[in-house]
Amino acid sequence: MRMRRLTLLAITVSVLVLGSIAQAADNQVGTWKLNVAKSKYSPGPPPKEGTLTVEAIPNGLKITIDGTDAEGKPVHMEFAPKYDGKDVPATGMPGADTISMKKIDDYTVEAVSKKEGKPLTTTRTVVSKDGKTRTTTQKGTNAKGEKVNNKIVYDRQ
């Protein structure tokens, strides 16, 4: 009986440790600095600066964006979507109130931002194989009804 409990305990600890390692290995996770010079915003103007913090959560990511917009106003966005494609609340996103996300492969995720259930933008993010660059392409419509076609580049910190 004692051996059975020890075996069960060992299995439980192994699952917890391996689960943590698997989450930590997500290529999206890290602190990323906006590279305004390599980014293209349509419509513009681009933000002055930004820092993206990506943390692993069970089967998803917690994303926090802090920066300064083109007018010099502070920006703060937060959302924590799982990779299941279901909408979750998003705060600070201009015009959007929810976001959903799916993992395409080990380097790529795709997210859809929505306002009152209506899709606004689709955002596809690819981390480079060397893990140093995160490139986001964003297409759709912004809160003003303008077409969006952005290429946003981040460098790992």
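The values are calculated or read from the model by the stated rules, or taken from the named source; none is laboratory data. These figures come from a predicted structure and were not determined experimentally. Quick reminder, even Gly has a Cβ in these numbers, built from the backbone with ideal geometry, and neighbours come from all protein chains shown.
Here is how the numbers come out for the structure above:
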| quantity | calculated |
| --- | --- |
| Residue in the stretch 145-156 that is at pLDDT 95 or above and of a type in the set (G, A, S) present | no |
| Selection status of G85, farther than 23 Å from V153 by Cβ, free of Cβ contacts under 8 Å to residues at least 60 places away in the same chain, of a type in the set (G, A, S) and exposed (fewer than 12 other Cβ atoms within 10 Å of the Cβ) | no |
| Contacts under 8 angstrom Cβ, first residue in the stretch 56-70 being closer than 9 Å to A80 by Cβ and modelled with pLDDT of 95 or more, partner assigned to a loop (DSSP other than H, G, I, E, B) and among the small types (G, A, S), 6 or more apart | I57/A80; G60/A80; L61/A80; K62/A80; I63/A80 |
| Flag if T51 is polar (S, T, N, Q), touching an Asp or Glu at 6+ places or on another chain (Cβ under 6 Å), under 18 Å from T136 (Cα atoms) and surrounded by fewer than 16 Cβ atoms within 10 Å (Cβ to Cβ) | yes |
| Residues within the stretch 36-91 that are of a type in the set (S, T, Y) and assigned to a strand (DSSP E or B), tallied | 5 |
| Cβ-Cβ under 8 Å pairs, at least 6 apart or on other chains, the stretch 34-47 side touching a residue at least 24 places away in the same chain (Cβ under 8 Å), far side among the charged types (D, E, K, R) and assigned to a loop (DSSP other than H, G, I, E, B) | P43/E146; P47/D69 |
| Condition check for G145: over 15 Å from W32 (Cα atoms) and assigned to a loop (DSSP other than H, G, I, E, B) | yes |
| Options K114, K129: the member that is modelled with pLDDT of 95 or more and in a loop (DSSP other than H, G, I, E, B) | K129 |
| Of all residues in the stretch 64-82 being among the charged types (D, E, K, R) and surrounded by fewer than 16 Cβ atoms within 10 Å (Cβ to Cβ), the one that is nearest to K102 (Cα to Cα) | E78 |
| Condition check for G19: at pLDDT below 95 and either in contact with a Phe, Trp or Tyr (Cβ under 8 Å, 6 or more places away or on another chain) or on the phi < 0 side of the Ramachandran plot (or both) | yes |
| For L61: the one exception among (1) of a type outside the set (K, R); (2) within 24 Å of K38 (Cβ to Cβ); (3) out of contact with any strand residue (DSSP E or B) (no Cβ under 6 Å at 6 or more places or on another chain); (4) surrounded by 15 or more Cβ atoms within 10 Å (Cβ to Cβ) | (3) |
